[in-house]
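See structure below.
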Amino acid sequence: MNRHPALERTFRWLLRIPAWLVLAQPAFASQSPLLAHSEEASRTATLAWVLFSGGLLVFIAVGVLLVVAVRGARGRPAWMTTRGLLVGGGIAFPAIVLGLLLVYTEVVTPRFGGELTVAPLRVSVTGQMWWWRVRYHGANGEPILVTANELHVPIGRPVEIVLDSTDVIHSFWVPGLSGMQDMIPGRLNRLRFVADTAGTLRGQCTEYCGLQHAKMSLDVRVHAPEEFDRWLAAQLAPGRAADTAALVRGQSLFVDQCGACHAVRGSAAAGTTGPDLTHVGSRMSLAAGALPNNVGTMAAWIVSNQHLKPGNRMPEFDRLSGADLTALANYVVSLQ
Amino acid sequence: MTNRPLVRWWLRGLVVLLLGACSAADEDMPPGSLAGADAIRRYGCGTCHIIPGIEGALGTVGPSLAGVARRVYLAGRLPNTPDTMAQWISNPQRFVPGSAMPDMQVSLADARAIASFLGRRR
Amino acid sequence: MNLTPAIYRRIATLAGALALVMATAGIMLLHGGYNVAATAPHTAPVFALLDYASRRSIAVRARFVVVPPVPADVALGRGLAIYRDHCVQCHGAPGIAPDPFALGLSPAAANLALVARERKPAEVYWTVRYGLKMTAMPAWEFRFSEADLWAVTAFVGYLAELSPEAYRDVAARVPAPRPTTPSADPGKSPPDPRRGEMALHQYACITCHEIPGIVGADHPVGPSLAGIAVRRYIAGTLPNTPANLVAWIRSPGTIKPGTAMPDLQVSERDATDVAAFLSGLR
């Protein structure tokens, strides 16, 4: 058997790379499944680490055996050539380890059965190309708040997300809160979790749904319970009244040009085709996470949204004079 | 691969080089323009303007800002100096009422940083 | 053919000589070897070359021009009026000097009485209509209708026969003409982007805007016109429609008072042609 000193040396060197270089640091902390903000996500993250560590150990062990084996018969210790190692290490050991891991995975994976002691907060999220229609339900299941592209949940209270879609299959995934769940037209899927750490998270559609699938993200905020109640109360209030001349002009333009598809409670605009804009000024982003939210980007979206997110369902309103556009954008952004 | 220390150092260097690739995708910027680039990203100027050096800044609502430093006039009427550019950015409606560029409440410090960034792009 | 060492040597010698010539020329250009001052006339060989090239170019291109008959009263009426109001400033007239600014032009504006003797009417018309590159002679097709261009060409033909007194008499009697522009042409032609490209030169747009695809349009006084076809707003306030673009070109001061873009008296036809050209700049 030939010796390959160069190969040996390379292997030995590679084995010296510190483990922390190999372990993935969460690149985007708000969207990392390893930084959990709920019990379910914590369990999933732990499972991931267990599987990874186990796998790494096995990999190292096998690597060492490989290197030793490659050296040739002269350097091989006697115990390596016994049948016991082959059967025990090659068949029994993997079977046992994988079996244990399977059991562990089944135990840890979130399940929905079981009674709930506290009524969950029910939120319907409907996937549309390429945004999220979000409806909060009251105690009796009736919808009390319609909003879009943003999800707010309280700590410590079970949240049940009812998922569906009106066009193609989407998939809901907020890595910090839970696993993925498909949103299938004509079917209601459910997702349950209990958030336990406050913060700002990010979700993504994880089922290819068309041209702008990559720009369909979801902003999520996890609040302390009092803070969540305050947020909900603010959202339930009607949209800000137009109290200056400029805002009145903006509002009349809005009702005129936008009211057919968008709704702002408290104004004459009541369209339901597009996202509800009653409090759009307070959202963390525009266009399902595609743009920052300020009066400039709002104007850019109104005028050139097909350039920013080609194929999206909103037409470009590029015949507004500069003054009209500014008035309209200022009004929409004032809807905090 | 006969020189063990050399190989070791070479591979270490390779790893460090590869890790160095984990940085912003924007092209190399001269020092001091990071604040300007950051402000541009925060305010989302790229949704309306093409801005070389800012990833994703491909807007077609307003004119491209490529080579804006060489231009004689800003907004068709202001002589182009770093000061007037900062003033324009922080309050466009004052100079061109009815402009499609809204007043975005850009602080003067941010406006100066943005003007400084754009001023280096000749 | 057998490439012997001798042939290689010959090729190498030629290539080397050529490289040497180009290098010398390059160095000369780099150090401003050629004096472009108006007070430093061309050397005789360079002048002869340029003059000959210009004459041949006009002669060959004017071959296809069909000369219509122009009545004498038109030539000595409208033609004379146009000549008096637009040509005398640079070319002078019998017994009348050009304006002071035009006296130092290089190349000098020709005496048109001599031109009338030495050149054909078709060539005169061609020069009047298309202008001359690298001289101060503009392309008058952008300022006058076809009929007017022929009227003034016909008048130039009479110049050789007018004494200074006769010219003075006739010129005094003719009233100032009503201005007409190409857009007054009865036939409505569809927007012509190629003509629009010419108009960009003729209205000096290239001196203030970078325009992709136009040689010499590289001056960033105003914003670049690259991508203007997909830009949403003109001048920051007008939605970018063909009608708005034409309105802006024709009267920027009305739309944006205080703008540095001047009113260039662009006719509607020219503005439409320019807009047609700009709509191709994506």
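Derivation of every value follows stated rules applied to the coordinates shown; laboratory data play no part. Note that the structure is predicted; figures quoted are calculated from it, not measured. Heads up, the Cβs are rebuilt from the backbone with ideal geometry, glycines too, and the neighbour counts pull from every protein chain shown.
Of all aspartates and glutamates in the structure, the ones whose alpha carbon falls short of 17 Å from that of A:LYS309, not counting any fewer than 8 places away in one chain, are A:ASP318, B:GLU55. Relative to the Cα centre, the charge distribution of the protein assembly as shown, modelled as +1 at Lys and Arg Cβ and -1 at Asp and Glu Cβ, gives a dipole magnitude of about 2540 debye. Within 10 Å of the Cβ of each residue in C:221-230, the mean number of Cβ atoms contributed by other protein chains is 5.
Check each of the chymotrypsin sites (Phe, Trp or Tyr not before Pro) in the range C:1-108 and keep only those in coil by DSSP with at most 10 other C-beta atoms within 10 angstrom; list them in order.
Loop-located and lightly packed - C:PHE64.
Treating r as the C-beta distance of C:ALA204 and A:ASP256 and R0 as 41 Å, the FRET efficiency rounds to 0.45.
Divide by every residue of chain A the summed helix terms, -39500 (n - 2.57) for each DSSP H run of at least 4, and state the resulting mean residue ellipticity at 222 nm, rounded to the nearest 500 deg cm²/dmol.
Values: 8 runs with 115 residues, N = 336.
The helix-only estimate for chain A comes to -11000 deg cm²/dmol at 222 nm.
Sorting the segments B:63-70, B:45-52 by their residues' average number of neighbouring beta-carbon atoms within 10 angstrom, most packed first, yields B:45-52, B:63-70. Couplings 3J(HN,Hα) of the range A:78-87, computed from phi: 5, 5, 6, 9, 6, 5, x, 5, 4, 6 Hz, in residue order, whole Hz [Karplus 6.51 cos²θ - 1.76 cosθ + 1.60, θ = phi - 60°; x for Gly and Pro].
Hull volume per residue, based on the alpha-carbon atoms of the range A:242-336 and their convex hull, is 86 Å³.
Note on B:THR81 and C:GLN89: the model spin-label points, each 7 Å out from Cα along the C-beta direction, lie 3.4 nm apart.
Loop exposure criterion: trypsin sites (Lys or Arg not before Pro), DSSP state outside H, G, I, E and B, at most 12 other Cβ atoms within 10 Å. Applied to chain A, the longest stretch between such sites is A:188-336. Among the residues of B:38-44, the average count of other protein chain beta-carbon atoms within 10 Å of the residue beta-carbon is 3. Counting only DSSP beta bridges with both residues in the protein assembly as shown, the antiparallel share comes to about 75 percent. Across chain C, the mean sequence separation of Cα contacts (distance under 8 Å, 6 or more residues apart), normalised by length, yields a relative contact order of 15 percent. So how far apart, in nm, are the two label points at B:LEU6 and A:ALA95 if each is 7 Å from Cα heading toward Cβ? The modelled label-to-label distance comes out at 5.2 nm.
For A:GLU226 and A:GLU39, the FRET efficiency from 1/(1 + (r/R0)^6), where r spans their Cβ atoms and R0 equals 25 Å, is about 0.75.
Counting Cβ atoms of other protein chains within 10 Å of each residue's Cβ and taking the mean over peptide C:239-251 gives 1.
A:ARG319 label point, 7 Å along Cα→Cβ, cut-off 19 Å on backbone N: hits in the range A:250-274? Backbone N within reach: A:252-262. Measuring gaps between exposed loop sites in chain A (chymotrypsin sites (Phe, Trp or Tyr not before Pro); DSSP loop; at most 16 other Cβ atoms within 10 Å), the longest gap, sites not included, is A:209-336. What is the range C:53-188 by shape, rounded, prolate or oblate, if you read a ≥ b ≥ c off the alpha carbon gyration tensor as root eigenvalues and call it rounded for a/c under 1.5, prolate for a/b larger than b/c, and oblate otherwise? In terms of gyration-tensor shape, rounded.
Given a Förster radius of 35 Å and the C-beta distance between B:LEU14 and A:ARG187 as r, what FRET efficiency does 1/(1 + (r/R0)^6) yield to the nearest 0.05? Calculated transfer efficiency: 0.10. Which shape class applies to the protein assembly as shown: rounded if a/c is under 1.5, otherwise prolate when a/b exceeds b/c and oblate if not, where a ≥ b ≥ c are the square roots of the Cα gyration tensor eigenvalues? Oblate shape, in that a/c is at least 1.5 and b/c is the bigger or equal ratio. Between the range A:168-194 and the range A:32-97, what's the alpha-carbon centroid distance in Å? Taking the Cα centre of the range A:32-97 as reference, the centre of the range A:168-194 is 33 Å away.
For a test of the definition: using alpha carbon positions, the gyration tensor, and the 1.5 limit on a/c, classify the range C:20-99 as rounded, prolate or oblate. Judged from the Cα gyration tensor, the range C:20-99 comes out oblate (a/c at least 1.5, b/c at or above a/b). Simple spin-label estimate for C:ALA48 and A:TYR208 gives 7.4 nm between the two label positions (7 Å along the Cα-to-Cβ direction from each Cα). Within the range C:1-66, the trypsin sites (Lys or Arg not before Pro) that combine a DSSP coil assignment with at most 14 other C-beta atoms in a 10 angstrom radius are C:ARG63. For the range B:103-117, the Karplus equation 6.51 cos²θ - 1.76 cosθ + 1.60, evaluated at θ = phi - 60°, returns couplings of 6, 9, 6, 6, 5, 4, 5, 5, 4, 5, 5, 5, 4, 5, 4 Hz by residue, with Gly and Pro reported as x. Using a Gaussian network for chain A with springs between C-alpha atoms less than 10 Å apart, which of these wobbles most: A:ALA245, A:ALA195, A:ALA214? Between A:ALA245, A:ALA195, A:ALA214, it is A:ALA245 that shows the largest mean-square fluctuation. Given their separation in residues at 0.36 nm each and the Cα-Cα distance between them, C:LEU18 and C:LEU132 gain 37.8 nm when the chain is fully extended. Protection proxy ranking for C:215-226, A:286-297, using the average of other Cβ atoms within 10 Å per residue and placing the highest first: A:286-297, C:215-226. Top mean-square fluctuation among A:LEU247, A:LEU101, A:LEU325, Gaussian network model of chain A, C-alpha springs under 10 Å? Of A:LEU247, A:LEU101, A:LEU325, the Gaussian network model singles out A:LEU101 as fluctuating most. Note on chain C: with a GNM built from Cα contacts shorter than 10 Å, the maximum mean-square fluctuation among C:MET28, C:MET198, C:MET134 falls on C:MET28. Out of the GluC sites (Glu not before Pro) in the range A:29-121, which ones are loop residues according to DSSP with at most 10 other C-beta atoms within 10 Å? Passing both the DSSP loop test and the Cβ count: A:GLU115. DSSP assigns beta bridges within chain A; of those with both partners inside it, close to 70 percent run antiparallel.
Between the range A:221-268 and the range A:295-321, the C-alpha centres lie 20 angstrom from each other.
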